[in-house]
1. Once the piece of chain linking residue 301 and residue 223 is laid out straight, how much longer is it, given 0.36 nm per residue of separation minus the C-alpha distance between them?
2. Hey, can you rank 17-29, 100-112 by average C-beta count inside 10 Å, highest first?
3. Please name whichever of 210, 220, 188 sits farthest to the positive end of the charge dipole of the range 186-226, dipole taken about the Cα centre and charges placed at Cβ: Lys and Arg +1, Asp and Glu -1.
4. Residue 317: net charge of surrounding residues, Cβ under 13 Å, Lys/Arg +1, Asp/Glu -1, itself excluded?
5. Could I get the Rg over Rh figure for the range 110-192? Both from C-alpha atoms, Rh via Kirkwood, rounded to two places.
6. Multiplying the sequence separation of residue 323 and residue 233 by 0.36 nm and subtracting their Cα-Cα distance, what value in nm do you get?
Amino acid sequence: MVVVMGVQPRILLVTLPAQGHINPALQFAKRLVAIGALVTFSTSMGAERRMSKTGTYPEGLSFAAFDDGSEHGFSPSDDINHYFTELRRVGSKSLAELIAASSKNGRPFTCVVYSNLIPWVAKVARELNLPSTLLWNQSPALLDIFYYYFNGYGDTIRENINDPTFSLKLPGLPPLGSHDLPSFLNPGSNHDFAIPINREHIEVLDEETNPRVLVNTFDALECEALNSIGKFKLVGVGPLIPSAFLDGKDPTDTSFAVWKTGVRVPSPSKEGIVEGDEIQKCLEVVMGGGELGQEMRNNAKKWKHLARQSSREGGSSYNNLKAFVDEMAGAVTQLEI
């Protein structure tokens with residue numbers, strides 16, 4: 001006889017050991033716990049040592065680091081290609097051991113959620129027969145650009161990205177200029193390491209039956225971008241910012257500042273520097289009493305209100321996240337008696 005048991009899902013959340021990935025992932029972990037999941041937050045040993053221990057973490061959130069092959073983590077002086085190669089090689093083995101140990105100790109994971117730039121985590125999960133889901137901590141428009149770059153638009157982008165008059169129209173997105181595209185798509189970029197990593201992200205999703213991506217945005221903000229890729233289900237679960245800046249439920253949760261609207265800083269010089277007077281002009285536009293500055297402040301209030309609504313019980317991001325947790329809970333276990 002088989003009895004379906006409804007129990008708390010136990011989610012392993014794995015993030016790249018970088019502050020811009022750890023911060024939103026930690027907020028995501030807290031949201032999962034608040035809805036009813038048990039979460040193990042995992043990043044590299046070096047990054048975990050540097051994480052602030054002054055914050056309060058909810059019951060149901062635990063931490064377990066993995067080895068990334070480096071004692072100090074990545075630093076600007078390191079060879080970034082070598083670091084990511086070692087992160088994959090050593091991290092894959094360490095993460096597999098972490099998952100196996102948790103299962104052996106009677107706490108098997110229900111699924112794995114992983115952040116940007118570590119698509120190999122999904123392959124580790126697959127080898128261990130665990131479902132995995134990508135947590136995309138940037139705009140869905142960026143994932144859309146990567147998808148179409150690897151699906152028919154790559155040559156066009158490479159050939160025109162240095163043309164300041166270039167305009168690109170992708171499904172579900174407004175026209176994009178060369179300054180709107182990731183700089184590492186430029187053939188002369190020093191950060192082209194990210195191209196094969198993001199290609200692997202797309203390939204991993206393509207291999208899944210019903211690929212779903214949890215995205216750090218909310219429906220009202222980027223509805224078109226969330227629906228640009230027909231074969232992927234992009235689900236808004238953000239904004240993944242501290243409670244003190246969002247719903248106010250935890251005023252002590254202030255780990256990083258709230259997002260806001262603004263103006264585009266002009267393109268940097270050949271040396272990669274934006275002059276101080278250009279920054280001052282942008283600040284004057286945003287903070288000044290002119291019509292454009294007032295419009296931006298009004299927009300900021302509008303989006304702040306909509307962001308709060310989306311994260312409250314019954315809001316779009318809350319409902320999307322709850323649906324994910326409920327699905328994981330439903331798939332947790334079948335107990336044979």
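1. Gain in length upon complete extension: 26.2 nm.
2. Per-residue mean Cβ counts within 10 Å order the peptides as 17-29, 100-112.
3. So the residue we want is 188.
4. 0
5. Radius of gyration over Kirkwood radius for the range 110-192 works out to 1.07.
6. Net length gain for the segment: 31.1 nm.
Every number in this text was worked out from the coordinates using simple rules, so none of it is lab data. Since the model is a prediction, treat every value here as computed from it, not as a measurement. All Cβ positions, glycine included, derive from the backbone under ideal geometry; neighbour counts span all protein chains shown.
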